[in-house]
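Heads up, the thing below is written out as structure tokens.
The values are calculated or read from the model by the stated rules, or taken from the named source; none is laboratory data. The shown structure was predicted, so the numbers you read here are calculated from the model rather than taken from an experiment. Cβ: placed from backbone, ideal geometry, glycine included. Neighbour counts: every protein chain shown. All accessible areas refer to the heavy atoms of the entire protein, side chains included, with ligands and DNA or RNA removed. Shrake-Rupley method; radii C 1.70, N 1.55, O 1.52, S 1.80 Å.
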Amino acid sequence: MSNLRHIILDECWSLSDMPYRIGELASLRTLSLFIVGDTIGNHLGELEHLNLGGRLEIKHVERVKNDLTAKKASLVEKPNLRDLVLRWKGDRTSSESATIREDEKVLEALEPHPNLVTLEIDGFRGRELALWMKNMKNISCICIQNCRNCRYLSPLRYLPLLKSLFLSYVEALEYIMEENEVGCETAIFPSLEELDLQMLPNLKGWLKEGEVVEMFPNLQSLYVNDCESLKLTSNSGGLDFVTKLKLGDCKIGSCFAEGSLRHLTALQELQIQYCSELEDVAEEMKHLHLLKRLQLDLIEDMVSLPQALQHIPSLQSLTLCQIPRLTSLPDWLPNLAYLTELNIVYCPAIPSLPSSIQGMSNLKLLSILGCPRLKSRCEEPNGEDWLKISHIPRLYIR
């Protein structure tokens, strides 16, 4: 065993302890998972002399007694480490204030080498992220989840290569940045391309106060899910170049202030899932002149497609998925002159296809799934709607 070089423990969900004295495997170069134990031989110090590379997940960080014990992992001395996951689990017996202080000290002591490329922090109970994070010049992806007390992301603001940021269940977070440094003209999150925001109930906006500054100048993809306090306006930074927007479980009219959605002039893909107030912003969609793909999922209060959708000039793909009260498709569908793909999935209340669909000469794909009434009417050759769709090259009806 002394020559063992790689231990891969992916998806070992039931594993509760590490082999005793794993730190004695001096040739080990890959250890995908380390579970912190409570006994000698399973402490975090077992990692101290291991020259690990690739991916490392440290589970049960809450068992690390203090910052001095955390330092013994010597993560900063592991230049070949590329992906690091730090995971705290379960409820703590110590008081909330003590837990906050303990977690902040431990995280600060778990400083990795600056060569790190991806970082995930899960279950951390501190308010502030570690200061060493601002020195991660090579990092491209950061995921912070289930960190309910965390409210300051300042160390992340100027990371030069950070392209993807995922924030989930960070309940105390109110602004991506609390304030801007006085007199600083450097763009905040200068290279960020993907921003994923999920279950952030108190998030209100990008910047709380300070001088107006450029934020997210390269943002291309934005996902907002269940952020009930978020209010984006035409002055919110980072929206000018967004090409892909996904909205989930929100009131669109509240998330986007009146007139702000039309300013996403670079938008090419829009997915709206389990949202309400679609009618309030549908009129603004006709100003999205580059929009090519529109997907509407789980829109429970929709009984008909908003009239304004027919004026989206560049739409090529339209997907209607799980809209239980949608009772018809409009006759104006041929107005979507460039539409090549139409997907209708689990919309059982639609009884038939409009006759006007015969005039959609550019339609190349029609997919109908989980719509029993439509399925029977579209059967070849005797279905009542078959002649309406027989000109479409690709039909997928199940």
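Scanning region 270-284 for residues that are in contact with a Lys or Arg (Cβ under 7 Å, 6 or more places away or on another chain) and more than 15 Å from residue 224 (Cα to Cα), we see that the one that is least open to solvent (accessible area, probe 1.4 Å) is 284.
For residue 159, indicate whether it is crowded, with 16+ Cβ neighbours inside 10 Å and part of a loop (DSSP other than H, G, I, E, B). Break it down into steps so the answer makes sense when it comes.
On the way: crowded, with 16+ Cβ neighbours inside 10 Å: yes; part of a loop (DSSP other than H, G, I, E, B): yes.
The answer is yes for residue 159.
Among the numbered conditions (1) within 24 Å of residue 162 (Cα to Cα); (2) open to solvent by 50 Å² or more (accessible area, probe 1.4 Å); (3) in contact with a Pro (Cβ under 7 Å, 6 or more places away or on another chain), tell me where residue 217 comes up short. So the condition that residue 217 fails would be (2).
Has region 199-209 got at least one residue that is more than 19 Å from residue 152 (Cβ to Cβ) and surrounded by 15 or more Cβ atoms within 10 Å (Cβ to Cβ)?
The first filter runs over region 199-209 and keeps only residues more than 19 Å from residue 152 (Cβ to Cβ), leaving none.
Among the residues of region 199-209, not one is more than 19 Å from residue 152 (Cβ to Cβ) and surrounded by 15 or more Cβ atoms within 10 Å (Cβ to Cβ), which makes the answer no.
Scanning region 3-38 for residues that are in a loop (DSSP other than H, G, I, E, B) and open to solvent by 80 Å² or more (accessible area, probe 1.4 Å) yields 3, 5, 8, 10, 11, 13, 14, 17, 20, 21, 38. With respect to residue 150, is the statement that it is of a type outside the set (Asp, Glu) and either open to solvent by 20 Å² or more (accessible area, probe 1.4 Å) or on the phi > 0 side of the Ramachandran plot (or both) true? Judged against the criteria, residue 150 is not a match.
Among residues of region 133-143 being in contact with a helix residue (DSSP H, G or I) (Cβ under 7 Å, 6 or more places away or on another chain) and open to solvent by less than 50 Å² (accessible area, probe 1.4 Å), the one that is nearest to residue 44 (Cα to Cα) is 133.
Count of region 191-216 residues, restricted to those that are closer than 23 Å to residue 252 by Cβ and not in a strand (DSSP E or B), is 7. Of the residues making up region 101-132, those that are more than 22 Å from the chain's Cα centre (by Cα), outside any loop (DSSP other than H, G, I, E, B) and buried (at least 19 other Cβ atoms within 10 Å of the Cβ) number 6. Among residues of region 304-329 that are more than 12 Å from residue 346 (Cβ to Cβ) and open to solvent by 50 Å² or more (accessible area, probe 1.4 Å), those with a Cβ under 7 angstrom from a residue that is among the acidic types (Asp, Glu) and modelled with pLDDT of 95 or more, sequence gap 6+ or separate chain, pair up as 316/341. Looking across 287, 263, one residue alone is at pLDDT 85 or above and either open to solvent by less than 70 Å² (accessible area, probe 1.4 Å) or closer than 16 Å to residue 232 by Cα (or both). It is 287. The combined condition, being touching a helix residue (DSSP H, G or I) at 6+ places or on another chain (Cβ under 8 Å) and modelled with pLDDT of 95 or more, is not fulfilled by residue 278.
Of all the criteria given as (1) closer than 26 Å to residue 222 by Cβ; (2) at pLDDT 95 or above; (3) touching a helix residue (DSSP H, G or I) at 6+ places or on another chain (Cβ under 6 Å), the one not satisfied by residue 112 is (1). Restricting region 41-95 to residues that are over 32 Å from the mean Cα position of the chain (by Cα) and not in a loop (DSSP other than H, G, I, E, B) leaves a set whose member that is surrounded by the fewest Cβ atoms within 10 Å (Cβ to Cβ) is 68.
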